[in-house]
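Below is one structure, written out as structure tokens; comments come after it.
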Amino acid sequence: MRITIIGAGPGGYETALAAANKGIEVTLVSAGPLGGTCLNEGCIPTKALCRAAEVLENCRQARYFGIDAAEPSVDFARVMQRKDEVVEQLRGGVAFLMKHKLITLLYGKASFRDAHTVSVLGEDGSLWEVTSDFIIVATGSVPASLPISGADSEGVITSTDILSLEAVPQRLCIIGAGVIGLEFASVFRSFGSEVTILEYCKEVLPRFDTDLAKRLKQSLSRRGISIETSAEVKAVVSRGDGTSEVQFLKKDALSSVVADKVLMAVGRRPALESLNFDDLGIGHNRRGVAVNAYMQTSVPSVYAIGDITGGMMLAHAAIFQGLRALNHIMAGQPSEGCVDAIDLNLVPAAVFTAPEAAMVGLTEDQCKAEGRACICKKSFFRANGKAVSMGEPDGYCKIVADAADGRILGCHLFGAHSADLIHEMTAWMNKGATLDDVASMVHAHPTLDEVLQAAVHS
Ligand code: NAD
């Protein structure tokens, strides 16, 4: 069997590897560097910056722990160089994995010829034609912008551009308090920027639990980040001296923020222009390529996974969607029934602010909206021995469970290492566990995981 995979982000390269390990011949086509957005201009470089910011904050807090250290300063060039080294190292790792004898890697831009064939235009002008039994599209997304005046002016940068800044902007205005906006706000505040966030919705992280979002907002505000919610950005005006004025409407009054850089962080959109979907009649709309539960498009031999489908724009979602597509192919493309045990509705998400936030499953608001009776169990990091010992008392845990049988429906965490802690609850939820199940599992003491146990006991 042969499969062509278009796009070498985590969705594409992990699926390529999984397919090759099952004995399938794979052609992986990449228009950009291996690793896609996640590795080159998303998750990984951002996490390298988060870690630098964390080291800086730890140095600043040294005195509190009784450690005398010199006042830290930021060598931003070195911070960025280390970030590049991390990316380079991991890209080398992916390149090594792609040396699999059943994987052929083509660098170039793919376009559909028919339901089984793509042509690939290489960077050097060479043209290949690849025919396979199935094609999996994993071409990702690009930063979205606002249809407002000045959105493309010089001082306005994307989440890609901010990763190659040469200096820390003195004043950074961020449009959008979603995941990207908050992560960069947290990092650049640590590096010394005066950060203002303008968010259209009435709370930050609109897709997260409202309590969690409120607490995260308070915590970021205490760190000196100015956050304006219910603020609709209307225009960005270049002031001629390299600075920009961001004009926004709040409570019917026009206000503005002056900044050296303006980060546009209002979401990402599927990279639909990257392929000729219409020529093949692959169903899609503005929000992404339409797929069924098996990640199959309207053309049976073509699958789409990851950001291009417009769903959860998360690297790990793309990886597991790729596995689902592969499992469907391996099972002979059944039109109904399970092809694997992956639950694509149970995808944890994490925000790498300081402190971190993470969630899995339903929020309390979603349960209410669905008319589903739920109970919420809560605990606080300030009552957790490990968190207090670590000097990280700022944190909160909310577990949402079905009021009738105690089955866990969701977990929402804010506090140190939330991005790691969320997996315990994801595992429980994967097994359909109840609050009683969590309560009866012995948790080691003192650990942060005990916030979960404390919540179910509350
Ligand atoms: P997002 O959708 O998470 O947030 C965009 C924010 O912009 C929203 O809060 C929205 O209300 C706001 N907004 C929209 N129009 C606005 C306006 N006119 N004025 C002010 N605010 C406005 O998008 P994002 O943060 O750009 O991230 C893009 C995608 O990448 C998301 O799907 C995200 O989950 C993913 N991502 C994930 C991670 C992670 O898992 N840690 C990190 C980065 C990005």
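State whether one or more residues within region 379-396 are within 16 Å of the ligand (Cβ to nearest atom) and within 20 Å of Asn58 (Cβ to Cβ).
Narrowing region 379-396 to residues within 16 Å of the ligand (Cβ to nearest atom): none.
Within region 379-396, not a single residue is within 16 Å of the ligand (Cβ to nearest atom) and within 20 Å of Asn58 (Cβ to Cβ).
Are any residues in region 182-199 more than 13 Å from the ligand (Cβ to nearest atom) and of a type in the set (Ser, Thr, Tyr), and if so, which ones? Full working, then the answer.
Pass one, region 182-199, residues more than 13 Å from the ligand (Cβ to nearest atom): 188-195.
Within region 182-199, Ser190, Ser193 meet the criteria.
Do you know which residues across region 200-244 are charged (D, E, K, R) and away from the ligand (no atom under 15 Å from the Cβ)? Reasoning before the result, please.
Of the residues in region 200-244, the ones charged (D, E, K, R) are 202-203, 207, 209, 211, 214-215, 217, 222-223, 228, 232, 234, 239, 241.
Selection gives Asp211, Arg215, Arg222, Arg223, Arg239, Asp241.
For (1) at negative phi; (2) in the same structural domain as Thr160 (by TED's automatic domain parsing); (3) in contact with a Pro (Cβ under 7 Å, 6 or more places away or on another chain); (4) in contact (Cβ under 8 Å) with a residue 40 or more places away in the chain, each residue gets a yes or a no:
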{"position": "Val237", "(1), (2), (3), (4)": "yes, yes, no, yes"}
{"position": "Asp241", "(1), (2), (3), (4)": "yes, yes, no, no"}
{"position": "Val246", "(1), (2), (3), (4)": "yes, yes, no, yes"}
{"position": "Val262", "(1), (2), (3), (4)": "yes, yes, no, yes"}
{"position": "Gly310", "(1), (2), (3), (4)": "no, no, yes, yes"}
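Restricted to region 348-364, and to residues that are away from the ligand (no atom under 13 Å from the Cβ) and not aliphatic (A, V, I, L, M), which residue is farthest from the chain's Cα centre (by Cα)?
Taking the candidates together, the pick is Glu364.
Looking at Asp402, is it open to solvent by 10 Å² or more (accessible area, probe 1.4 Å), out of contact with any Pro (no Cβ under 9 Å at 6 or more places or on another chain), within 20 Å of Asp209 (Cα to Cα) and of a type in the set (Asp, Glu)?
Values: open to solvent by 10 Å² or more (accessible area, probe 1.4 Å): yes; out of contact with any Pro (no Cβ under 9 Å at 6 or more places or on another chain): yes; within 20 Å of Asp209 (Cα to Cα): yes; of a type in the set (Asp, Glu): yes.
Judged against the criteria, Asp402 is a match.
Residues that are more than 27 Å from Leu326 (Cα to Cα) and within 16 Å of the ligand (Cβ to nearest atom), at least 2 per element: which strands (runs of 3 or more DSSP E) completely within region 83-181 meet that? Walk me through how you get there before you give the answer.
Numbers: elements: 103-114, 117-122, 127-131, 134-137, 141-143, 171-175.
Counting at least 2 such residues, we get 171-175.
Looking only at region 359-384, which residues are under 22 Å from Gly406 (Cβ atoms) and open to solvent by less than 30 Å² (accessible area, probe 1.4 Å)?
At the first step, the residues of region 359-384 found to be under 22 Å from Gly406 (Cβ atoms) are 359-380.
Scanning region 359-384 gives Met359, Val360, Gly361, Thr363, Cys367, Ser379.
Return the total of residues in region 295-317 being near the ligand (Cβ under 10 Å from one of its atoms) and not charged (D, E, K, R). Quick ask: steps written out before the conclusion?
Going through region 295-317, the residues near the ligand (Cβ under 10 Å from one of its atoms) turn out to be 307, 310-317.
Checking which are not charged (D, E, K, R) leaves us with 310-317.
Residues that pass the stated criteria total 8.
Please find, among Asp124, Asp75, Asp68, Asp114, the residue that is surrounded by fewer than 15 Cβ atoms within 10 Å (Cβ to Cβ), of a type in the set (Asp, Glu) and touching a residue at least 24 places away in the same chain (Cβ under 8 Å). So that I can check it myself, show each step before the final result.
Numbers: Asp124 fails: touching a residue at least 24 places away in the same chain (Cβ under 8 Å); Asp75 fails: touching a residue at least 24 places away in the same chain (Cβ under 8 Å); Asp68 fails: touching a residue at least 24 places away in the same chain (Cβ under 8 Å).
After ruling out the rest, the residue left standing is Asp114.
Which one of Asn285, Asn292, Asn327, Asn345 is away from the ligand (no atom under 15 Å from the Cβ) and touching an Asp or Glu at 6+ places or on another chain (Cβ under 7 Å)?
Every option except Asn327 fails the conditions.
The values are calculated or read from the model by the stated rules, or taken from the named source; none is laboratory data. This is a predicted model, so every value here is computed, not measured. Here the Cβ is made from the backbone with ideal geometry for all residues, glycine too, and neighbour counts use every protein chain on show. The accessibility values were calculated without ligands, DNA or RNA, using every heavy atom of the protein model including side chains. Shrake-Rupley method; radii C 1.70, N 1.55, O 1.52, S 1.80 Å.
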